[in-house]
1. Can you list residues from other chains, or at least 5 along the same chain, whose modelled amide H is less than 5 Å from the amide H of His291?
2. Can you give the local net charge around Asn175? Use residues other than it whose beta-carbon is closer than 9 angstrom to its beta-carbon, Lys and Arg +1, Asp and Glu -1.
3. Let me know the shape class of the range 53-135, please: from the alpha-carbon gyration tensor, a ≥ b ≥ c as square roots of the eigenvalues, rounded when a/c is under 1.5, otherwise prolate if a/b is greater than b/c, or oblate.
4. Is the range 65-194 rounded, prolate or oblate when judged by the Cα gyration tensor, a ≥ b ≥ c being the square roots of its eigenvalues, rounded requiring a/c under 1.5 and prolate requiring a/b larger than b/c?
5. What does the charge add up to near Ser121, with Lys and Arg as +1, Asp and Glu as -1, over the other residues with Cβ less than 15 Å from its Cβ?
6. Could you tell me which of the pairs Lys185/Lys316; Lys167/Lys316; Lys115/Lys144; Lys144/Lys185 are separated by over 32 angstrom between their Cα atoms in the structure shown?
7. If you take every residue apart from Ile334 with its C-beta less than 14 Å away from the C-beta of Ile334, what net charge results, scoring Lys and Arg +1 and Asp and Glu -1?
Amino acid sequence: RPRRPPPRHHPSPSFTNNASLADSSASNSSIQRHEGGSGHTGLGNSGNTCYLNCILQCLSNTTPLVEYFITGSYVDDLIRGKGELPNAFAALVMDMWLGDCLYIYPDEVKRVLGKMHAAFSDGTQQDAHELLLFFLNILHNDLKKVSTGLDQYSSTLRNAETSVIAKLFQGQLSNVKVCLSCFHKSSQTETFLSLSLPMPPDSRCSIQDCLRLFFKEEILSSSDQPYCSFCGRKRDQSESIQMLKAPDIIIIHLKRFESDDHGNRKLTSTVSFPLEDLDLSQYTTTPSAQHLKYHLYAVVNHTGSLDSGHYTAYCKNPVTQRWHEFNDMKVTDICEQKIQSPATINSFPYSCLQSILALRQLIHV
Ligand SMILES: [Zn+2]
């Protein structure tokens, strides 16, 4: 089959159009050709790189992000003198979607990441969630625009940095403290790219349990007492977190690695989660977000212990709507039951859900 270079920086056929995707040709990095492409391309492991591969697969199944890169739209947003990672990622997703290789090695992405952070170049296992945040932050920095506008939440003028990453993944939290003596209320806002949730001590829980724990009101007393500007001294205060802005795509990360007096350990509780309709409306203050429901499309699993482990990803193909397990170069079809109970059905007995990515259901009111 003749191979022509893909249209790197020109609009390509619609990403969601299956026929035109199948018709397109591959570019470089050919290893083996057989039923690859269309988002079914595995990623070769070049020495402890499963933490990178599982994240790349999750991002490759994030439709609006891939559309932005595969159509070349990102080129218009590149900041002068930057763009190594956006370019490497764009070339990779083109190979993964428009190519026909069974698997490829994401060498260029790995090289660029290694140049930016030594930990990603020395061949050691790294934390997949840290890599994901690092990756998104670099993309944001290389593609951001500064816009001056009115902050709809605080009604103040602000210089906001926007990018495709901020538009898709960024939410806003408010930390509200109320003085229990004078009821003076103070709040601080911060943006987030992911929610890192604590886990209850139970061996079985749900993602909703973890969310409740994260958003639960707490009383700060004795040595934790914050200063109340109205009382002019430290006071007992209640503290709660609210979501001011819900992101279109929410990344939920579980704090499975815990440090205590005995060192670091991994929490292996089974955490159940719904595939559809994860409802976060009770945690948000935005009136328009009354139906804040998310659909799961990507899961990162970690098997093994703290020191020696392996990462895999479950992702829902946005074109076929079918779930696949991505285990480095191996890509297999999986059923929905396997996604929801990886600890019992997975061939790795100690596999644990580490992060999920869920797309917000867009309801037109
Ligand atoms: Zn007070």
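Read-outs throughout are calculated quantities, based only on the coordinates presented, and are distinct from any laboratory measurement. Keep in mind that what you see is a predicted model, and the values were worked out from it rather than measured. For neighbour counting, all protein chains shown are included, and Cβ atoms are generated from backbone atoms with ideal geometry for every residue, glycine included.
1. Correct list: empty.
2. Working: positive: Lys177; negative: Glu190, Glu239.
For residues surrounding Asn175, the net value is -1.
3. Working: a/c = 1.70, a/b = 1.23, b/c = 1.38.
Oblate shape, in that a/c is at least 1.5 and b/c is the bigger or equal ratio.
4. Numbers: a/c = 2.76, a/b = 1.84, b/c = 1.50.
Prolate is the answer for the range 65-194, as a/c is 1.5 or above and a/b outweighs b/c.
5. Values: positive: Lys110, Arg111, Lys115; negative: Glu84, Asp107, Glu108, Asp122, Glu130.
My count for the surroundings of Ser121 gives -2.
6. Lys185/Lys316; Lys144/Lys185
7. On the way: positive: Lys316, Arg322, Lys330, Lys338; negative: Glu325, Asp333, Glu336.
Counting the neighbours of Ile334, the net charge comes to +1.
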